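Encoded as structure tokens, the structure appears first; notes follow it.
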Amino acid sequence: MLKIDQRTSRAMNRRLVLNLLRREGPLSRAEIADVTGLSRATVTFVVGDLVKENYLIEQETTRGASGRRPTPVAINYDGHAAIGIKMNIDRIECILTNLSTTPILSHAIDYSNTRPETIVEASHQAIKHLIANAPKGIGPVTGIGFSMPGIIDNRNGICLKSHRFGWNNVHFAEQLFAKSRIPVWMEDDTIAFALAHHLFGLGRNVGTFIALAIGAGIGSATVADGVVLRGAHGHAGKLGHVKQHLEGPLCECGQRGCLQASYSEPAIVARWRKTKDLPAAKDRFDMLEAAKQGDAETRAILKDAGEQIGIQLAAQINTIDPEIVIAGGEATAFGPFLLDPMTETLGKYCFMQAPPILADERDNFWSPGAAALATQRLFDFEVDVAADETPV
């Protein structure tokens, strides 16, 4: 059980106030007290600390018929910054954001291998570049978020397993912190994507939703009552490793028949190139254009992918009962050619009415998703409130 001492109580009250202002926008101290149930004295103390630390800002007051109105306070999203790093097969994508994960500056670094020491050094160089080139007036960097596909011990910043990169028990957050001297948080990329949408995106005011990622792999993450469900061993949401055909293609995990081995974005495009006898240079954008031009074979491949992913997604929906599904990843570029068949399949396989599928509203929410790992500690009770600090 959590020991409720003075430090823990202070951390919880701070997050209670910040979370309220994140959801509702500017409120007066009296309104904060009324909504949270905290005493006016406690709210005054908490708000005062947060204003001093530049996390909150007092806004201008107005005069009404009954005189001067109470001073509202709001989150000062530009008072601090965060860095998000997304690890891909051949490059890291890095971004400097404010506390709402709004991009300020981006930078990418290519590499020839994915050994941990290579990625630590590339990340360190990217961090130095972003800080050195940050616009004037940007607040201090409060933390770094690093996301990658894999099974992650997010409390200790350890990659327990990543089939894609061959990592096993890599204490990455500790290694990057040793170079950067900035707190580092680490998470599976789909979970980071879901967390960003929970805090600042399409899931901001949604109690329960599923984030679906269709890119180099297929993954999902569930947020229920503001908490990301990771499972007992961090395996939750590995939708791409549900067995589709036991004798199917070999997956990166070493087993055959996984959903993502046949229906990830690279697998979809590879099937299209093989069917149409096209060169390797043809990519998903060429495939999308062919679908737009009405090519029957192209549309059939996308329809099949949408239906097969939809069957497995429906089983997850029947278990979780989400309000919405937020779809992201490279394959969402196919738009209705992929998502409409998926939606139709959900209508057939879901026990009750299928939730809507909402395509990610940003072109790339992955690096900002990583940055959300650093800002999460300010808002979410899921983070260890007793420690109120990074595990590294």
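Taken together, the values in this text are just the output of simple stated rules run on the coordinates, not laboratory data. Note that the structure is predicted; figures quoted are calculated from it, not measured. FYI the Cβ positions are ideal-geometry reconstructions off the backbone, even for glycines, and counts take in every protein chain you see.
Near G231, once Lys and Arg are set to +1 and Asp and Glu to -1 for all other residues with Cβ below 12 Å from its Cβ, the sum equals +1. Taking a ≥ b ≥ c as the square roots of the Cα gyration tensor eigenvalues, with a/c under 1.5 meaning rounded and otherwise prolate when a/b beats b/c, else oblate, which class fits segment 97-163? Verdict is oblate for segment 97-163. In the chain, with Lys and Arg counted as +1 and Asp and Glu as -1 at Cβ, which of these residues, H197, H245, A315, has the Cα nearest the positive end of the dipole, that is, farthest along it? Farthest towards the positive end: H197.
For segment 101-259, the gyration tensor built on C-alpha atoms gives an oblate shape. Its axis ratio a/c (a ≥ b ≥ c) is at least 1.5, and a/b is not larger than b/c. Per-residue ellipticity at 222 nm computed for the chain from its helices equals -12500 deg cm²/dmol, with DSSP H segments shorter than 4 residues left out and the rest contributing -39,500 (n - 2.57).
Sequence-ordered 3J(HN,Hα) estimates for segment 258-274 from the Karplus curve with 6.51, -1.76 and 1.60 and θ = phi - 60° stand at 5, 3, 6, 5, 10, 10, 5, 4, x, 5, 4, 5, 4, 5, 5, 4, 5 Hz, glycine and proline given as x. A Gaussian network model of the chain, with springs between Cα atoms under 10 Å, assigns the largest mean-square fluctuation among D283, D321, D189 to D283. The lysines within cross-link reach of K179, meaning a Cα-to-Cα straight distance under 30 Å and a gap of 8 or more places when in the same chain, are K52, K86, K128, K136, K161. Of all lysines in the structure, those lying under 24 Å Cα to Cα from K292, and not within fewer than 8 positions of it along the same chain, are K274, K276, K282, K303. Exposure here means at most 14 other Cβ atoms within 10 Å; with GluC sites (Glu not before Pro) in a DSSP loop as sites, the longest stretch of the chain lacking them is 61-246.
Its Cα gyration tensor gives the chain an equivalent ellipsoid; the semi-axes, largest first and in whole Å, are 39, 25, 20. Amide H contacts under 5 Å for W167: S162, restricted to partners 5 or more places along the chain or on a different chain, H placed in the peptide plane at 1.01 Å from N. Please state the shape class of segment 205-359: rounded when a/c is under 1.5, otherwise prolate if a/b exceeds b/c and oblate if not, all from the C-alpha gyration tensor. Taking the square roots of the gyration eigenvalues as a ≥ b ≥ c, segment 205-359 is prolate.
GNM on the chain, alpha-carbon springs under 10 angstrom: the most fluctuating residue among I109, I311, I75 is I109.
How high is the relative contact order of segment 6-75, given as a whole-number percent (alpha carbon pairs under 8 Å, six or more residues apart)? Walk me through the intermediate numbers first.
On the way: 74 pairs, mean separation 24.5, N = 70.
Normalised by residue count, the contact order of segment 6-75 is 35 percent.
Comparing mean-square fluctuations of P135, P26, P279 from a GNM of the chain with C-alpha springs under 10 Å, the top value falls on P279.
Panel order for K238, K86, by other beta carbons found within 10 Å of each beta carbon, from fewest to most: K238, K86. Straight-line cross-link reach from K238 at under 17 Å between alpha-carbon atoms covers these aspartates and glutamates, not counting any fewer than eight positions away in the same chain: D153, E187, D188, D189, E252, E265. On a 0 to 90 degree scale, rounded to 10, what angle separates helix 189-200 from the longest Cα axis of the chain? Roughly 40 degrees between the two axes.
Sum up the charges of everything whose Cβ sits under 11 Å from the Cβ of G310, counting Lys and Arg as +1 and Asp and Glu as -1, but leave G310 out.
Overall, the nearby charge balance is -2.
Fewest neighbouring Cβ atoms within 10 Å first, the residues S262, S39 line up as S39, S262.
Across segment 144-160, coupling constants 3J(HN,Hα) worked out from phi with the 6.51/-1.76/1.60 Karplus curve, θ = phi - 60°, read 10, x, 10, 10, 7, x, x, 9, 10, 7, 6, 6, 10, x, 10, 7, 6 Hz, and Gly and Pro carry x.
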